[in-house]
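Asker: Could you have a look at this structure, given as structure tokens, before my questions?
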Amino acid sequence: MKQILKAPKSVLETNDFGVTISETGVQIKVWAPCAIRARVAIYNEGDDLFRNEIPMESIGDGIFNLNLPLSYKNKYYTYIITSAETDYEVVDPYAVAAGPNSEKAMIIDLEDTNPTGWHSHDQPHAVKAHEALVYELHVRDFSSDPNSGMYNKGKYLAFTEKNTSFNGLKTGIDHLKELGITHVHLLPVYDFSSIDELDASAYNWGYDPELFNVPEGSYSTNPLEGHVRIQELKLCIMALHEAGIRVVLDMVYNHTYASSHSNFNRLAPGYFYRHTSDGSFSNGSGCGNELATERSLVRKFIIDSLLFWLKEYKVDGFRFDLMALYDVETVQEISRVLHENKPDILLYGEPWIGWESVLPETRRFVKTKQAGLKIALFNDDFRNAIKGDNDGHESGFVMGLTSTLQWVQLGIAASTELSGGRKGFAEKAEEVVNYVSAHDNLVLWDKIDKVCPSDTIEDKIRMHRLALAIVLTSFGVAFIQSGTEFLRSKKGHENSYNAGDEINKIDWISKSKHFNHFTYIKNLITFRRFSGFFKWNAYQEIKNNVSFLDTPEGIIGYEILNDNEDRCIVLHNGTRHRKPVQLPEGKFYLVANEVKVDLNSSKMFSTFGERPVHIEGFTTMILTDLDLKSIDAFLN
């Protein structure tokens with residue numbers, strides 16, 4: 001194996017790699033430590049074949065620089081790197097704009113891409129991390145259905161379209177507002193390599209990064225013009241903000257699409273990636289390589305990139321893919337810098353790896369390492385206890401497997417600590433993402449259908465509703481997959497990353513078909529957000545205000561107090577049988593049962609003595625003595 005390069009201090013202190021535009025001209029700078037010489041190839045258009053090559057000046061420590069007049073603005077460029085072996089044409093990893101299919105970077109003044117009102121547009125109020133309600137969404141899935149009512153199907157601009165509908169019911173951004181979520185989590189919108197941006201039918205989730213700081217062109221109305229994708233993504237974000245919805249970007253700094261032929265590796269061979277003892281690429285991502293986050297310039301690139309998205313695109317949070325491939329020190333620095341720049345930022349990610357990695361286990365960012373960092377981790381133990389394994393035939397609590405009940409209880413308490421020695425990985429609710437499905441694996445409906453093929457449709461709907469209700473009545477970041485609010489299906493496809501629109505689209509007809517289910521979830525979201533019962537964060541707060549009840553086998557019951565000492569009782573019946581439950585004494589409104597969530601209930605009933613309530617099978621029941629008019633006050 002070749003000796004690993006080191007980044008000199010001068011490189012680590014350089015903050016203007018890539019293109020810098022000033023009043024006096026254009027500067028282009030790159031680190032290519034193994035280059036004999038470097039040139040910039042200038043193209044007039046993003047799809048041009050003809051170029052003009054201009055030599056760069058070596059200014060020491062492997063850094064090359066070129067100064068150009070302002071007339072070069074809006075042209076496209078690459079680097080021609082001459083090494084001892086050959087010449088490489090390389091696209092700038094620090095590029096912020098590009099032509100189609102990542103073939104050329106663009107010299108651009110980003111101020112020119114700002115939509116009217118960009119700097120002054122209304123941004124949503126701050127949301128505490130543990131009170132966030134995140135809706136995971138793929139840009140193309142959102143609008144590609146012929147019945148979506150949106151004109152810009154599969155594009156950023158679909159998010160800017162108001163008053164869209166199908167069968168008289170809201171679709172698009174109006175649907176998101178109606179649902180009541182706090183954050184939209186966009187699957188990757190950075191530039192990825194697995195599709196042809198000029199092919200209108202090309203589909204991929206996008207977990208194969210090419211240019212980390214450039215928006216994906218296939219979601220723009222014109223991938224040929226480098227500024228269009230930038231402006232249209234900003235319009236998308238601005239529209240969500242003005243709808244009161246914050247934006248989380250899904251970032252994949254654990255690997256790149258290419259390995260030996262990547263831009264990083266051609267500029268600085270061996271530096272940006274981890275390698276095994278035989279010199280091959282370590283493959284903890286399962287995608288062919290993994291970035292060496294522990295190396296100073298890699299760490300710097302990641303943090304610079306995150307700050308770029310935060311400041312230039314005004315985003316509100318980041319989701320990190322395969323965080324166990326990040327070293328702990330890098331994540332600590334990410335959290336410190338991002339919270340310093342945006343105290344209310346939402347950060348969360350996956351606490352696992354794909355395959356085997358050479359990064360020592362002690363250095364991996366896994367569960368428990370998040371303590372005190374204001375970073376949340378996906379709670380797969382809770383997920384599995386609720387619904388079973390991801391793609392197989394294993395059951396979970398909502399399908400009648402009551403042996404997982406104690407682990408569901410722990411998840412409800414934000415995986416902190418419960419009596420009987422049950423201890424989770426978290427110290428606070430803000431460290432936990434509660435969910436039952438995401439883009440990976442079977443969607444919730446297809447999982448239930450696979451495990452329970454002989455159950456009635458009505459029972460499957462109840463199981464589905466129960467699973468989401470458990471998430472929405474638990475402590476931590478609540479996370480739901482787009483379309484699950486009206487029983488989304490992908491026709492049993494468990495890995496639809498490139499399966500196209502027919503499998504992946506949000507089927508807006510389903511909102512009409514399952515409007516009762518949608519209304520149930522919408523009202524439950526409203527109750528969660530505005531009742532004050534689900535605001536507890538620290539372990540001690542949860543311990544002091546949440547008490548689990550003595551209930552019959554297969555039923556989870558707990559009582560929650562809010563700041564005013566109003567009471568909320570939540571029951572989850574994971575069996576298929578109607579069962580009696582003895583409740584604490586009191587007078588309560590019935591908020592939720594097997595049919596609906598009623599936020600306008602005016603009828604109270606008393607619980608006392610030997611008189612139980614009966615809860616139907618596969619059902620959540622919620623009762624409260626809170627004056628429900630207080631929720632109306634929040635909404636109006």
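Asker: Spot the failing condition for Arg422; the list is (1) in contact with a helix residue (DSSP H, G or I) (Cβ under 6 Å, 6 or more places away or on another chain); (2) more than 21 Å from Trp536 (Cβ to Cβ), and only one is missed.
Answerer: Against the list (1) in contact with a helix residue (DSSP H, G or I) (Cβ under 6 Å, 6 or more places away or on another chain); (2) more than 21 Å from Trp536 (Cβ to Cβ), Arg422 comes up short only on (2).
Asker: Also: Given (1) over 22 Å from Trp118 (Cβ atoms); (2) of a type in the set (A, V, I, L, M, F, W, C); (3) buried (at least 21 other Cβ atoms within 10 Å of the Cβ), where does Leu224 come up short, assuming only one miss?
Answerer: (3)
Asker: How about the stretch 493-510: which of its residues are in contact with a Lys or Arg (Cβ under 7 Å, 6 or more places away or on another chain) and loosely packed, with under 15 Cβ neighbours inside 10 Å?
Answerer: Hits for the stretch 493-510: nothing passes.
Asker: A follow-up question, please. For the stretch 5-43, give me the residue count where each residue is among the acidic types (Asp, Glu) and more than 19 Å from Asn67 (Cβ to Cβ). If you could, list the steps in order and put the result at the bottom.
Answerer: Within the stretch 5-43, the first condition is being among the acidic types (Asp, Glu), and the residues that meet it are 13, 16, 23.
Okay, now just the ones that are also more than 19 Å from Asn67 (Cβ to Cβ), so 13.
Going through the stretch 5-43 one residue at a time, the tally reaches 1.
Asker: On to the next question. So which of Thr624, Thr607 is assigned by TED's automatic domain parsing to the domain that holds Leu549, at pLDDT 90 or above and of a type in the set (S, T, N, Q)?
Answerer: Details: Thr607 fails: at pLDDT 90 or above.
When all the criteria are applied, what remains is Thr624.
Asker: Leu561 - would you say it is in contact with a strand residue (DSSP E or B) (Cβ under 8 Å, 6 or more places away or on another chain) and more than 25 Å from Ile181 (Cα to Cα)?
Answerer: On the way: in contact with a strand residue (DSSP E or B) (Cβ under 8 Å, 6 or more places away or on another chain): yes; more than 25 Å from Ile181 (Cα to Cα): no.
Spelling it out, it is not the case that Leu561 is in contact with a strand residue (DSSP E or B) (Cβ under 8 Å, 6 or more places away or on another chain) and more than 25 Å from Ile181 (Cα to Cα).
Asker: Mind listing just one residue for me: the one in the stretch 392-417 that is outside any helix (DSSP H, G or I) and within 21 Å of the chain's Cα centre (by Cα) and, of those, farthest from Ile560 (Cα to Cα)?
Answerer: In the first step, residues of the stretch 392-417 are kept if they are outside any helix (DSSP H, G or I); the result is 392-396, 400-401, 413-417.
Okay, now just the ones that are also within 21 Å of the chain's Cα centre (by Cα), so 414-415.
On the way: Ala414: 14, Ser415: 16 Å.
Step by step, filter the stretch 392-417, then rank; the result is Ser415.
Asker: Considering only residues of the stretch 461-487 that are hydroxyl-bearing (Ser, Thr, Tyr) and in contact with a Lys or Arg (Cβ under 9 Å, 6 or more places away or on another chain), which is surrounded by the fewest Cβ atoms within 10 Å (Cβ to Cβ)? Give the derivation first.
Answerer: Initially, the stretch 461-487 is screened for residues hydroxyl-bearing (Ser, Thr, Tyr), giving 473-474, 482, 484.
Then keep just the ones that are in contact with a Lys or Arg (Cβ under 9 Å, 6 or more places away or on another chain); that gives 473, 482.
Working: Thr473: 25, Ser482: 23.
Looking at residues that are hydroxyl-bearing (Ser, Thr, Tyr) and in contact with a Lys or Arg (Cβ under 9 Å, 6 or more places away or on another chain), I get Ser482.
Asker: Continuing with this model, one more query. Out of all the residues in the stretch 511-521, which are surrounded by fewer than 19 Cβ atoms within 10 Å (Cβ to Cβ) and either within 25 Å of the chain's Cα centre (by Cα) or in the same structural domain as Ile631 (by TED's automatic domain parsing) (or both)?
Answerer: Thr519
Asker: Could you check how many residues of the stretch 207-223 are part of a helix (DSSP H, G or I) and within 18 Å of the chain's Cα centre (by Cα)?
Answerer: From the stretch 207-223, those part of a helix (DSSP H, G or I) are 217-219; that's our starting set.
If we keep only those that are within 18 Å of the chain's Cα centre (by Cα) too, we end up with 219.
Going through the stretch 207-223 one residue at a time, the tally reaches 1.
Asker: I'd like the full set of residues that are closer than 13 Å to Leu267 by Cβ and touching a residue at least 40 places away in the same chain (Cβ under 8 Å), limited to the stretch 13-47. Steps first, please.
Answerer: Just the residues of the stretch 13-47 that are closer than 13 Å to Leu267 by Cβ, to begin with: 17-18, 29-35, 38.
Residues satisfying the conditions are Phe17, Gly18, Val30, Trp31, Ala32, Pro33, Cys34, Ala35, Ala38.
Asker: In the stretch 70-98, how many residues are among the hydrophobic types (A, V, I, L, M, F, W, C) and free of Cβ contacts under 8 Å to residues at least 60 places away in the same chain? Before the answer, list the steps.
Answerer: Looking only at the stretch 70-98, we keep the residues that are among the hydrophobic types (A, V, I, L, M, F, W, C), and these are 70, 80-81, 84, 90-91, 95-98.
Those still in the list that are free of Cβ contacts under 8 Å to residues at least 60 places away in the same chain too: 70, 80, 84.
Residues flagged as among the hydrophobic types (A, V, I, L, M, F, W, C) and free of Cβ contacts under 8 Å to residues at least 60 places away in the same chain within the stretch 70-98 amount to 3.
Asker: Can you list residue pairs whose Cβ atoms sit under 7 Å apart, with the first residue in the stretch 408-437 being surrounded by fewer than 24 Cβ atoms within 10 Å (Cβ to Cβ) and the second being of a type in the set (Ser, Thr, Tyr)? Count only pairs 6 or more apart in sequence or on different chains.
Answerer: Glu417/Tyr539; Gly424/Ser415; Gly424/Thr416; Phe425/Thr368; Phe425/Ser415; Glu427/Thr416; Glu427/Tyr539
Asker: Still on this structure: Would you tally the residues in the stretch 162-186 being within 19 Å of the chain's Cα centre (by Cα), among the aliphatic types (A, V, I, L, M) and surrounded by fewer than 21 Cβ atoms within 10 Å (Cβ to Cβ)?
Answerer: 1
Asker: Can you go through Gly244, Gly226 and tell me which one is at pLDDT 95 or above, small (Gly, Ala, Ser), outside the structural domain of Lys73 (by TED's automatic domain parsing) and under 25 Å from the mean Cα position of the chain (by Cα)?
Answerer: Details: Gly226 fails: under 25 Å from the mean Cα position of the chain (by Cα).
Of Gly244, Gly226, the one residue that is at pLDDT 95 or above, small (Gly, Ala, Ser), outside the structural domain of Lys73 (by TED's automatic domain parsing) and under 25 Å from the mean Cα position of the chain (by Cα) is Gly244.
The values are calculated or read from the model by the stated rules, or taken from the named source; none is laboratory data. No experiment lies behind these values; they were computed from the predicted model shown. Don't worry about glycine lacking a Cβ; one is built from the backbone with ideal geometry, like all the others, and counts go over all protein chains shown.
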